[in-house]
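Here the structure is laid out as structure tokens; the discussion comes afterwards.
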Amino acid sequence: MPTRRLAVFLLPILFLAAASKKAPPTAKGENEDLILTVTLHVDPADVKEVIGSDLEGHFVMAEVKVDPKYGKDIAIDRDDFQLRTDKDGEKAKPFAASQIAGSGALVLSNEDGETKVKKHGWGIGGMGGGMGSPGVQPSNGPTKATMKENDHEDPLKKVLDAKILPEKKTDQTVSGLLFFPLEKQKLKDLELIYGGKENRITLRFK
């Protein structure tokens, strides 16, 4: 009987906690060629729910859907996406799976106003190698590192390869994830930019 009473008491609390958690915000925009729908995740716990690792809180994750218009062939290139923060004006391009997972992966982080490149190694559920050894290099802004494909057996890399937004030319709807190396960001400060000066899409999140 005491166990049943405890369950009856805890059930409303659990429902209230679930209801109080806000869903990640989604924004939509379009240009002459496509419709872009993006859901942004700044909470590392949300990232972990999707890929099995919180990536130590170093990344903002975006769920992206690209809908080509009028049967047009469009070229999907992850470098066309950029995330900017009002916090300090920093801009970041999305990382490839090989830059995120494995012992040789790199991540950009800000320390005392200076952007640095650090080595990291993550695993599913946070069971990876953790912080890599020192070997920090200064960088003058966002850097796209090129790593050798030497982590084929890394389970997190396999998950990321399967889920990251594919790069291809298509006239069909394409969905996938993007990971931007920005830490401790607030949604109100973030702006996602797609494309160049012409035919650009800019999204804000509330």
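Which one of GLY176, GLY195, GLY130 is closer than 17 Å to ALA101 by Cβ and modelled with pLDDT under 95?
Values: GLY176 fails: modelled with pLDDT under 95; GLY195 fails: closer than 17 Å to ALA101 by Cβ.
From the options GLY176, GLY195, GLY130, the qualifying one is GLY130.
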For PRO94, the lone unmet condition from (1) modelled with pLDDT of 95 or more; (2) over 18 Å from the mean Cα position of the chain (by Cα); (3) not charged (D, E, K, R) is (2)
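Mind listing just one residue for me: the one in segment 168-186 that is outside any loop (DSSP other than H, G, I, E, B), surrounded by 14 or more Cβ atoms within 10 Å (Cβ to Cβ) and not small (Gly, Ala, Ser) and, of those, farthest from the chain's Cα centre (by Cα)?
Within segment 168-186, the first condition is being outside any loop (DSSP other than H, G, I, E, B), and the residues that meet it are 168-170, 174-180.
Among the residues that remain, those that are also surrounded by 14 or more Cβ atoms within 10 Å (Cβ to Cβ) are: 170, 174, 176-180.
From the residues that got through so far, the ones that are not small (Gly, Ala, Ser) too are 170, 174, 177-180.
Values: THR170: 23, VAL174: 17, LEU177: 6, LEU178: 5, PHE179: 3, PHE180: 5 Å.
Selected residue: THR170.
Hey, among the residues in segment 63-83 that are of a type in the set (A, V, I, L, M, F, W, C) and touching a Phe, Trp or Tyr at 6+ places or on another chain (Cβ under 7 Å), which one's surrounded by the fewest Cβ atoms within 10 Å (Cβ to Cβ)?
Here the answer is PHE81.
The values are calculated or read from the model by the stated rules, or taken from the named source; none is laboratory data. Just so it is clear, the structure is predicted and the values come from calculations on it, not from any experiment. A quick note on method: Cβ atoms are made from the backbone with ideal geometry, for glycine too, and the neighbour counts reach across all protein chains shown.
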